[in-house]
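The values are calculated or read from the model by the stated rules, or taken from the named source; none is laboratory data. All of these numbers come straight from a predicted model, not from anything done at the bench. Here Cβ is always computed from backbone atoms with ideal geometry, including for glycine, and neighbour counts include all displayed protein chains. Side chains included, ligands, DNA and RNA excluded: accessible areas come from the protein's heavy atoms. Shrake-Rupley method; radii C 1.70, N 1.55, O 1.52, S 1.80 Å.
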Amino acid sequence: MFRNLIKMATETASKRLKTDPVRIGTHNGHFHADEALAVYLLRLLPDYASASLVRTRDQSLLDTCHTVVDVGGEYDSSKNRYDHHQRTFNTFFPEHETKLSSAGLVYMHFGKAIISQYTKLPLDHPDVELLYQKLYDDFVEAVDANDNGVSQYDDVKLRQAGIEKRFKAGGITLASLVNDLNHEDPLAVGAPSKDTPEQPQAEEDHRFSQASTLMGNAFLRKLHGAATAWLPARTIVKDAFEARQSAHPSGQLVVLPRAGIPWKEHLYNIEAESGLPQDKQILFVIYPEKEEPGSKWRIQAVSKDMSSFENRKSLPEPWRGVRDAELDALLGSDVEDGAVFVHASGFIGGHKTEAGVRAMAALALAS
């Protein structure tokens, strides 16, 4: 399905050279991840699918464009103007604190339409809203932050805490890869011939096209994963959450029906939406290890939050780092033989059977 999505986007790109009254304008010169993504997002929509692109700072040319992004000193969606560089600009994605770039502006106004088109769901469907929020949180906001010079962490507080980076990671971000294309060999394979009359601008536009495709393909992959894996998982996790009392009298155990379900984010969100008190939060999740009959089962502790390595309640300390028959002996007669392991940190363990892992969960909850 994802390959078909890329194919459709590529076929759309082949139409862009055709003359079309819908022209997109952005600035020439050094390009960035935000306008590269903004242009790609627009071209995913039918109204812009065959739109031409002009890269210039000549205002008279920009005035002829249907839509202008990242240049022109104006933000006015009624006129399809999406610049964020003016001193008066102070716009944010709803319930967020990162100032928008041109990518965020285009996504804020057109993201739901893009998602609706991809999922074939009505624009006002609640799943479209979920994906719209998800893609901004997981992808677009980082592009906005990078373009506006907003660090993920407060550098002053990091220095005060004495925290130093162990290695340099900035060179492998999407933004850095886009920046690399600004300095690529102008005679690289696929670039316009050096005999092109307007060689410098044509070469630059070619590299911008590569940058736009790089950003767009990354966005499409995120959208594909969110729509085909993350979103369906929400229903499964919600059903398991609502059945938690039948999983264990405490209501603090969730049983997932199959392996590979991305459950963590959904569980935290569903707990918050339900107003679950802190002393009733889910402590353990159990699930089959593989998608096949007779699979072993896992028990996993729920961490305090998405980024934490600290658990709400870890598996009992005596079990940690113990395996097989030795672990069976520790578990006692309340658990059938077949224990596999418990990790040394107590965050995860395993048993050969569902009944065995349920019994492990009952003991862990009672400890």
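Observations on the structure shown:
- Size of charge dipole - segment 248-366 - debye, nearest 20, with Cβ of Lys, Arg +1 and Asp, Glu -1, no other charges: 140 debye
- DSSP finds beta bridges in the chain, and of those with both partners inside it, around 60 percent are antiparallel.
- Computed over the chain, the per-residue total of -39500 (n - 2.57) for DSSP H runs of n ≥ 4 gives a 222 nm mean residue ellipticity of -12500 deg cm²/dmol, rounded to 500.
- Furthest towards positive pole of dipole, 246, 101, 307, structure part the chain, Cβ charges: 246
- Over every Cα atom in the chain, the radius of gyration and the widest Cα-Cα span, Dmax, amount to 25.7, 84 Å.
- Counting only protein heavy atoms and a probe of 1.4 Å, the accessible surface of the chain is 51% carbon and sulfur.
- Top of 164, 354, 265 by mean-square fluctuation, Gaussian network on the chain, Cα under 10 Å: 164
- All other residues whose Cβ lies under 11 angstrom from that of residue 324 are scored, Lys and Arg at +1 and Asp and Glu at -1, for a net of -1.
- For the chain, the longest site-free run once chymotrypsin sites (Phe, Trp or Tyr not before Pro) in DSSP loop states with at most 10 other Cβ atoms within 10 Å are removed: 1-152
- Dipole axis of the chain (+1 Lys, Arg; -1 Asp, Glu on Cβ), positive-most option in 359, 119, 46: 359
- With Cα atoms, 0 to 90° folded angle of helix 354-366 axis to the chain main axis: 80 degrees
- Angle between the chain longest axis and helix 2-14 axis [Cα atoms, degrees, rounded to 10]: 0 degrees
- Around the amide H of residue 290, modelled in the peptide plane, lie the amide H atoms of 296, all under 5 Å away and 5 or more residues distant in sequence or on another chain.
- Contact order, relative form, for the chain: 11 percent (alpha carbon pairs under 8 Å, 6 or more residues apart, mean separation divided by residue count).
- Computed over the chain with a Gaussian network model linking Cα atoms closer than 10 Å, the most mobile of 66, 32, 84 is 66.
- Compared with the dominant principal axis of the Cα atoms in the chain, helix 126-135 is inclined by about 80°.
- Sparse-neighbour loop sites [trypsin sites (Lys or Arg not before Pro); segment 80-169; at most 10 other C-beta within 10 Å; DSSP]: 87, 120, 165, 166, 168
- Dipole moment magnitude, nearest 20 debye, the chain about Cα centre, only Lys, Arg, Asp, Glu C-beta charged: 400 debye
- Under the criterion of Cα pairs below 8 Å and six or more residues apart, the relative contact order for segment 248-366 equals 23 percent.
- Top of 269, 80, 182 by mean-square fluctuation, Gaussian network on the chain, Cα under 10 Å: 269
- When the Cα atoms of segment 87-174 are aligned to their principal axes, the ranges along those axes come out at 50, 32, 21 Å in descending order.
- Of 365, 53, the order by accessible heavy-atom surface (1.4 Å probe, DNA, RNA and ligands excluded), from most exposed downward, is 53, 365.
- Rg(Cα)/(2.2 N^0.38 Å) for segment 214-367, N = residue count: 1.10
- Segment 81-136, dipole about Cα centre (Lys/Arg Cβ +1, Asp/Glu Cβ -1), debye to the nearest 20: 220 debye
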